[in-house]
2 protein chains.
Amino acid sequence: MSLLTVGTVAFDAIETPYDKVDRVVGGSATYITLASSNFYKENQIVSVVGDDFPDEMIAEFHKRAIDTEGLQVIEGEKSFFWSGRYHENMISRDTLVTDLNVLANFDPVLPAAYRKAKYVMLGNIDPNLQMKVIDQLEERPDMIMLDTMNFWMDIAMDSVKSVLKHIDVLTINDEEARQLSGEHSLVKAAAAIFEMGPKYLIIKKGEHGALLFGENQIFSCPALPLAEVFDPTGAGDTFAGGIMGHIAASGDVSFENMRKAVLTGSVMASFCVEKFGPNRLLEITKADIDQRMDEFRRLMTV
Amino acid sequence: MSLLTVGTVAFDAIETPYDKVDRVVGGSATYITLASSNFYKENQIVSVVGDDFPDEMIAEFHKRAIDTEGLQVIEGEKSFFWSGRYHENMISRDTLVTDLNVLANFDPVLPAAYRKAKYVMLGNIDPNLQMKVIDQLEERPDMIMLDTMNFWMDIAMDSVKSVLKHIDVLTINDEEARQLSGEHSLVKAAAAIFEMGPKYLIIKKGEHGALLFGENQIFSCPALPLAEVFDPTGAGDTFAGGIMGHIAASGDVSFENMRKAVLTGSVMASFCVEKFGPNRLLEITKADIDQRMDEFRRLMTV
């Protein structure tokens, strides 16, 4: 019984029209596990960092019962570094720097204790590495969710399609769903993507919320309208972490429970954008989450 | 007790990437009253047509208990004609022809029986004409809703702002809300627009649904994901007609009831896009509407 997450653990430098931060811990696996740890306590992380990664953050993972046996620390090398600048709309952004560093030679190795994970979250990394993780699993998990992006579709579509055959849930944005399927209508895109392997599809639409497709049903989850979006970095990963945390905690992979999971992911993402990097996620309490969940329910009440 | 609608009654020629139609009845007042007549039976229409307007459509209005005493017919002149071509995304479009014809000299005159209307829907026309309608009312209606667009904000922002002082509900799209308020965040845009007069704001987001703001609450209404959008012409007017029809039928202008009204409007708009012009609206039954309403509720269930 565990939730295994593979993804990046990194440093980010982020600039928005309103403020900037030079160096904050980031990476998909960071956001995913921080979010999921609010709901589920057997998190395992597979990633790689350099010897510049702060002990304080490792301690924070441990405090949250996030196992780091699978987090490789490469002596004498630097952690993955990404720098980006958001446009006025706080959606589109320019990448300023991508220093792969330790990520260039990342070979995900699952410790023995990870190979029977019941839930697996494949964060947005090279689809060949996502496949390597699946290949090391000793039992078929109850749910494998995968996140990917247009970048991998552009340069490695065949690898993306190969790994899709082995997963249960795909989470991508609306433009990526159109690119992957060749269909403009998201209903048709979902039908085409189900032919590729996944049985559930979650389409992220940022400020417009998310759509969950599966079992001939659709759930439309709103986003919380916010007066300020401070920093959208990590929101999609936090969303995925909330979903997997809810699913792992409830042990129920039905479509009805996926509706609640997507709502939980949306709640978590709404916190993520309130401060730079994972800073807001590091301070919220159970009471904050419950209150935000109530706000979402009022938003949807008719 | 009546619902007074002012707007255009016209002919449209519409081209989409998939099909085209040379001449179909259109205009905001047409869509609004056709939608509202499914829920409320005391509809009054104020508009103008030429002598080319088909008797069959007038008969259709009467069959639906839409009073046309306020529909001026100008002998020897032609009805307003609009022609447009939709892009691949079925959202953006190019206007090919705008022949104002009778609309050029339209002076809305309210028959005596219309001047005590309890509900008023000001469709998207010149804000000075919208104001002229308000000026002829003998009693303050329970609800005045107004639709407008970026075109009027570009050329007559002062007139738009003048009429906003006299209304209860404004319905515009997200870009128009940003233009009107000067705020990018829709939460901040709503606060700014409430300062201008309206107490409720409905932001139309097309395939992403609609947001209702008011009384420090927000309702996020989904759009039905569709495999095909055949023709989006009139969807916004149909949405408004469903809202006003629901409000007039229930006689309840509370925020809680506005939630249901916006859902009703969304249901009606989801039909509108299924065929060219108002063709789908002309054939749906109460059973179709009830079934679609159930589909929307499943879409929102968590």
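Side notes on the structure shown:
- Scanning the range A:252-279 for residues that are in contact (Cβ under 8 Å) with a residue 24 or more places away in the chain and in a loop (DSSP other than H, G, I, E, B) turns up A:253, A:273, A:274, A:275, A:276, A:277, A:278, A:279.
- When residue B:220 is tested against (1) in contact (Cβ under 8 Å) with a residue 24 or more places away in the chain; (2) out of contact with any Lys or Arg (no Cβ under 8 Å at 6 or more places or on another chain); (3) within 14 Å of another protein chain (Cβ to nearest Cβ), only condition (1) is not met.
- Near pairs, Cβ below 9 angstrom, 6+ apart or cross-chain, from the range B:283-302 (at negative phi and more than 12 Å from chain A (Cβ to nearest Cβ)) to any residue that is aliphatic (A, V, I, L, M) and surrounded by 12 or more Cβ atoms within 10 Å (Cβ to Cβ): B:284/B:268; B:289/B:267; B:289/B:268; B:292/B:224; B:292/B:267; B:292/B:268; B:292/B:284
- So residue B:133, is it loosely packed, with under 13 Cβ neighbours inside 10 Å and in contact (Cβ under 8 Å) with a residue 60 or more places away in the chain: no
- Positions within the range B:107-123 being surrounded by 24 or more Cβ atoms within 10 Å (Cβ to Cβ) and either assigned to a loop (DSSP other than H, G, I, E, B) or among the β-branched types (Val, Ile, Thr) (or both), in sequence order: B:117, B:120, B:123
For every residue, the table says whether it meets (1) touching an Asp or Glu at 6+ places or on another chain (Cβ under 8 Å); (2) at positive phi; (3) at pLDDT 95 or above; (4) more than 14 Å from chain A (Cβ to nearest Cβ).
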{"site": "B:67", "(1), (2), (3), (4)": "yes, no, yes, yes"}
{"site": "B:75", "(1), (2), (3), (4)": "yes, no, yes, yes"}
{"site": "B:79", "(1), (2), (3), (4)": "yes, no, yes, yes"}
{"site": "B:88", "(1), (2), (3), (4)": "no, no, no, no"}
{"site": "B:109", "(1), (2), (3), (4)": "no, no, yes, yes"}
{"site": "B:125", "(1), (2), (3), (4)": "no, no, yes, yes"}
{"site": "B:130", "(1), (2), (3), (4)": "no, no, yes, yes"}
{"site": "B:138", "(1), (2), (3), (4)": "no, no, yes, yes"}
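- The residue that is farthest from the other protein chains (Cβ to nearest Cβ), counting only those in the range B:187-217 that are under 17 Å from the mean Cα position of the chain (by Cα) and assigned to a loop (DSSP other than H, G, I, E, B), is B:198.
- Residue ID - nearest to the other protein chains (Cβ to nearest Cβ), chosen from residues in the range B:168-186 that are in contact (Cβ under 8 Å) with a residue 12 or more places away in the chain and in a helix (DSSP H, G or I): B:186
- Taking the criterion of being within 14 Å of chain A (Cβ to nearest Cβ), surrounded by 18 or more Cβ atoms within 10 Å (Cβ to Cβ) and closer than 13 Å to residue B:200 by Cβ, the only residue of the range B:223-254 that qualifies is B:243.
The values are calculated or read from the model by the stated rules, or taken from the named source; none is laboratory data. Just so we're clear, the structure is a prediction, and the values are computed from it rather than from any experiment. Positions of Cβ are generated from backbone atoms using ideal geometry, with glycine treated the same way; all protein chains shown enter the neighbour counts.
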